[in-house]
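Here is the structure we will look at, set down as structure tokens.
The values are calculated or read from the model by the stated rules, or taken from the named source; none is laboratory data. What you see is a predicted model, and the numbers here were worked out from it, not measured in a lab. With ideal geometry, Cβ positions are generated from the backbone for all residues, glycine too; neighbour counts draw on all protein chains shown. These accessible areas exclude ligands, DNA and RNA; they are computed on the full protein's heavy atoms, side chains included. Shrake-Rupley method; radii C 1.70, N 1.55, O 1.52, S 1.80 Å.
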Amino acid sequence: MAKTVMVVDDSASLRQVVAIALRGAGYEVLEACDGKDALSKLSGQKIHLIISDVNMPNMDGITFVRELKKNPAYKFTPVIMLTTESQEQKKKEGQAAGARAWVVKPFQPAQMLSAVSKLIMP
Amino acid sequence: MQINVTSADDSCAIALEGDMTIYTAMQCKEEMLAPLQDCQTVAVDLSGVFEMDTSGLQILALFLKETDERNIRVRFSAVSDAVQEFLSFCGLSNILGTAEAGTGVH
Amino acid sequence: MDMDDALQTFIAEGRELLEDMEAALLGIEHDPENPETVNAIFRAAHTIKGSAGLFGLDYLVSFTHVVESVLDQVRAGELAVSTDLVAVLLTSCDHLSDLLSWVSTGEENLNDDMQRKSASIEQRLSTYLSGSSVAADVVESSAQEADAAAAEENDVCAAQDAAVSDQDLWHLSLRFGHDVLRHGMDPVSFIRYLATLGTIHHIETLWDELPAADKMDPESCYTGFEISFISDESKETIENVFEFVREESSIRIFTPDSRREEYIRLIQELPEEDMKIGEILVRCGTLTRCELEAALSSQQQSDESLKPIGEYLLEEKAVQPEVMSAALNKQKSVKDARPPEASLIRVDAEKLDTLINLVGELIIAGAGTNMIAQRSGMPDLMEATETLSRLVEEVRDSALNLRMVQIGATFNRFQRVVRDVSQELGKDIVLKISGGETELDKTVVEKIADPLTHLVRNAMDHGIEAADIREAKGKPAQGNLKLNAYHDAGSIVIEVSDDGGGLSKEKILSKAIDRGLISDGSGMADKEIFNLIFEAGFSTADQISNLSGRGVGMDVVRRNIEALRGTVELDSEPGKGTTVKIRLPLTLAIIDGFLVGVGNSGYVIPLDMVVECVEYGAWKESGSNSSCLNLRGEVLPYIRLGDYFDEASSGQRRERESVVVVRYGEHKVGLVVDRLMGEFQTVIKPLGRMFSRISGISGFTILGSGEVVLILDVPGLVQEAESYFSEHEKRAISA
């Protein structure tokens, strides 16, 4: 059974490209445009991994991860956060919220694919 | 995760159905170790386990370690392909042994 | 969906971000302390860079990187916002827009021209960069140097020591942190990924740390692995397999040419018994038994000689980006302030047009059904069609609403124009915007930008005086320019006003006479005189300036606006300023029409311009040959549509004629018609080019019955009636 990845980012083009790369590798992909949207789309179904941006409208990535980890159905779901090399403070906040994997923007689709594959093989 | 335990005299059978992952590790530990209190032989059915991760593997290791220390005979009556593949990837193809005496853990 | 679609999304997204960026840049000069503004600018650059990387648009990434670095310093408070800096950033913003256009060409690389431009702006930007922001790169490169140095040393050692094993085996010794499972990291998953980079020669799973059952936390990790591995990948690639867990885990990676001492060190350092690890290494094929024995017996070696080995133990902690810049930690999240995108969807404008067209057809079909229902006289059917037409009306309104956009975004673009132009002119002018939330049709918005730009530039150039003149007149030195919008009687009104010197009637008159536009200015109202500047080839500036004196006159502005079925008029007060008022229809597609009959034809008058209908006979000045009606004491010029359009008279018409009073702006005119036929929803179909010059007609439509009727150009008719009326009156006076 294909593993499901949720991509949370306010950039539609980024979501599209990541989704294309991941689907090509055999993952199922769900998209959400911010933390709030993502939470509303999580209703107990199995999600193997979440990719989330940090800076998003409505609900930022850090708050989203914090909320996510409160949900028993997702508290162990790995999260890849998208960040910039200069966001050390955000990284610390993200770690406190429970995110451990980081991918630095800008990235190539292949980079994202390898980051995802390290955490969950398709 | 559904763990069915049936016991008769001093033997029992444990059948697992579901994923042996971090989400079920707590439950697996509790429900797999509990029947060991009062039995001499135990049969484990892993044919219903379709997903396993490191935490599932650890529970299996703990189970083997406990049974070994208590001299309980363990037999794996059935193992799913997913579990078999996972174990052999980790170099543990023989961990479930010939299903006789408690196979030691490295 | 494929990459091309995604790329289109990226370009559209990029343009929006650049608009935000520009708006924020213009705002920052007035409010440099506002972190939200800085963040908005930063976010735009950041997001573009992020997505550009995905598409492999390296030229865009490298350029935005420099912009971002500068902005990062501003955000951290290390760099103050200056006018110069804003100017460079605005240039960067423009260049980014050019780069986005370049993306749409599909060329992989920039041409020389664009490259030079990128380089020169980067150069300008980099003068703002202080040491700290490049620190990251420095750290990175020094780390690479260290790596290289280590590799070099390794080579030397390898030569001295020869191969440890007959196979080129990597050895990985992995002890994962207790919390990795809790964070969703599955160690076996990383090893599975590792397996894609080569072949796992031997793997041993270790549980020496597994505690007794009562102490064992099922969510903690107690597992370790010893792996021998065959791969051609670089050390870095293999290290990076564990990038997400290396901080909390102990990951030791030995290259195939690692020295024996390193393994001794490993054996000592691992928590398991020395012999056991040694045996594992032998089983892994990493060490031969003979080597193991030699290694264990030489354990007494002094620590000093082992020291360099520590460097080979590739524990990553050395190159942590934490070093990069503590100062940057002040950053704040910026995206939160973004207008909510979540509730918006992007729709192809063509799809909307198709929908509107269909709604148009629906309206026509609905009108046809209504007519048949009326004729049939069946109450049930009439009731049903009634409901139907109400629904159609609602569908029409919401469909048209889809095309409505706020004019604010267009207005905001003028902040930039005003800023640039005032610098160019050396005038201090501030733009005030109001009514930005006023909505109008997207096509109208697109087409209004040009005329507005012209008016704005004109006001700045000719309207607002230089600071010294202003002060001499007792006005504040800073000039004010205002853009305002509001809805009025089915149209949208856009005002461009300045507090400058106002127009000089005398100058306009003399120039107009000079140009032969009029013969004599006597008897002309102020407003008429002012509006002469919209006549072709008119310029009142004493000096032809660089900005608006390029021969493109106000007549072009008027033509553009009239093409949108709008009008423009100007009012001015000497010494106080000038206001240009543009009146535009809300939409170009559908109107509520009032159908009238003239002769054998039908004509449609836009309903929102109809004031009232009166009986012609009742208000006609009996006996007089005047072109005016005396409507309740008000003088009302009128036009006989039958005469105007040369409709064949139907004999007894004069007995039953009606007057439809229409209003446009401040003018009221009567239109004399034969029959009043009621309200209709009308889809405006444009006239072909052949007929576009016919005055008094703005388009046509098809009735439900299939009959084609013309739509009256009320603004045009009003103007004609007015001018005819004043000519007539003048003649009457002079006679």
Residue in the stretch C:1-21 that is farthest from the other protein chains (Cβ to nearest Cβ), counting only those that are assigned to a helix (DSSP H, G or I), of a type outside the set (S, T, N, Q) and over 8 Å from the mean Cα position of the chain (by Cα): C:M21
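Filter the stretch A:86-103 down to the residues that are under 18 Å from A:S11 (Cβ atoms) and facing chain C (nearest Cβ under 9 Å) and list them by number.
A:Q87, A:K90, A:W102
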Restrict the check to the stretch B:65-76 and report whether at least one residue is of a type in the set (S, T, Y), more than 23 Å from C:R182 (Cβ to Cβ) and surrounded by 18 or more Cβ atoms within 10 Å (Cβ to Cβ). yes
Output the residues belonging to the stretch A:15-32 that are open to solvent by less than 20 Å² (accessible area, probe 1.4 Å) and touching a helix residue (DSSP H, G or I) at 6+ places or on another chain (Cβ under 8 Å). A:V17, A:V18, A:L22, A:Y27, A:V29, A:A32
Among the listed residues C:I711, C:I694, identify the single one that is at pLDDT 80 or above and either in the same structural domain as C:Y664 (by TED's automatic domain parsing) or loosely packed, with under 12 Cβ neighbours inside 10 Å (or both). C:I711
Exactly one of A:P78, A:P72, A:P106 is within 12 Å of the chain's Cα centre (by Cα) and facing another protein chain (nearest Cβ under 9 Å), and that residue is A:P78
Might you check whether a residue that is within 30 Å of C:D348 (Cβ to Cβ), open to solvent by 10 Å² or more (accessible area, probe 1.4 Å), in a helix (DSSP H, G or I) and without any contact (Cβ under 8 Å) to a residue 24 or more places away in the chain occurs anywhere in the stretch C:57-66? yes
Conditions (1) open to solvent by 40 Å² or more (accessible area, probe 1.4 Å); (2) touching a Phe, Trp or Tyr at 6+ places or on another chain (Cβ under 6 Å); number of the one not met by C:S118: (1)
I want to confirm something. Restricting to the stretch A:1-14 and keeping residues that are buried (at least 24 other Cβ atoms within 10 Å of the Cβ) and within 9 Å of chain C (Cβ to nearest Cβ), which single residue is farthest from A:D60 (Cα to Cα)? A:S13
Could you look through the stretch A:45-59, keep only residues that are farther than 25 Å from A:S117 by Cα and open to solvent by 10 Å² or more (accessible area, probe 1.4 Å), and pick out the one that is nearest to the chain's Cα centre (by Cα)? A:M59
Looking only at the stretch C:182-191, which residues are in a loop (DSSP other than H, G, I, E, B), at the interface with chain A (Cβ under 7 Å from one of its Cβ atoms) and on the phi < 0 side of the Ramachandran plot? C:R182, C:H183, C:M185
Mind telling me which of the residues C:Q406, C:Q374 ends up being among the polar types (S, T, N, Q) and under 30 Å from C:Q478 (Cα atoms)? C:Q406
List pairs: first in the stretch C:196-211 and free of Cβ contacts under 8 Å to residues at least 60 places away in the same chain, second open to solvent by less than 30 Å² (accessible area, probe 1.4 Å) and among the polar types (S, T, N, Q), Cβ under 7 Å, 6+ apart or cross-chain? C:L197/C:S231; C:G198/C:S231; C:T205/C:T223; C:W207/C:T223; C:L210/B:Q58
Any pair with Cβ under 7 angstrom, 6 or more apart, that starts in the stretch C:112-129 at a residue that is under 13 Å from C:V67 (Cβ atoms) and ends at one that is outside any helix (DSSP H, G or I): C:S118/C:L110; C:Y128/C:L79
Residue within the stretch C:144-155 that is modelled with pLDDT under 90 and crowded, with 17+ Cβ neighbours inside 10 Å present: yes
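Does C:L607 qualify as being at pLDDT 75 or above and open to solvent by less than 20 Å² (accessible area, probe 1.4 Å)? Don't jump to the end; show me each part of the working.
Numbers: at pLDDT 75 or above: yes; open to solvent by less than 20 Å² (accessible area, probe 1.4 Å): no.
So C:L607 fails the test.
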Can you say whether A:K118 is over 13 Å from the mean Cα position of the chain (by Cα), at the interface with chain C (Cβ under 9 Å from one of its Cβ atoms) and modelled with pLDDT of 85 or more, as far as the supplied structure shows? yes
Please determine whether any residue of the stretch C:90-105 is open to solvent by 30 Å² or more (accessible area, probe 1.4 Å), over 19 Å from C:A12 (Cβ atoms) and hydroxyl-bearing (S, T, Y). yes
Name, by its number, the condition in (1) assigned to a helix (DSSP H, G or I); (2) without any contact (Cβ under 8 Å) to a residue 40 or more places away in the chain; (3) within 11 Å of chain C (Cβ to nearest Cβ) that does not hold for A:V17. (2)
So, in the stretch C:394-410, exactly how many residues are surrounded by fewer than 16 Cβ atoms within 10 Å (Cβ to Cβ) and of a type in the set (S, T, Y)? 1
Might you let me know whether the stretch C:251-260 holds any residue that is within 14 Å of chain B (Cβ to nearest Cβ), open to solvent by 10 Å² or more (accessible area, probe 1.4 Å) and at pLDDT 85 or above? no
State all residues of the stretch C:22-48 that are within 14 Å of another protein chain (Cβ to nearest Cβ), over 30 Å from A:V29 (Cα atoms) and touching a Leu at 6+ places or on another chain (Cβ under 8 Å); if no residue qualifies, say none. C:V38, C:I41
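Let's see how each residue does on (1) farther than 16 Å from C:D186 by Cα; (2) assigned to a helix (DSSP H, G or I):
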| site | (1), (2) |
| --- | --- |
| C:I203 | yes, no |
| C:L210 | yes, no |
| C:D214 | yes, yes |
| C:E219 | no, no |
| C:F229 | yes, no |
| C:E243 | no, no |
| C:R246 | no, no |
| C:L266 | yes, yes |
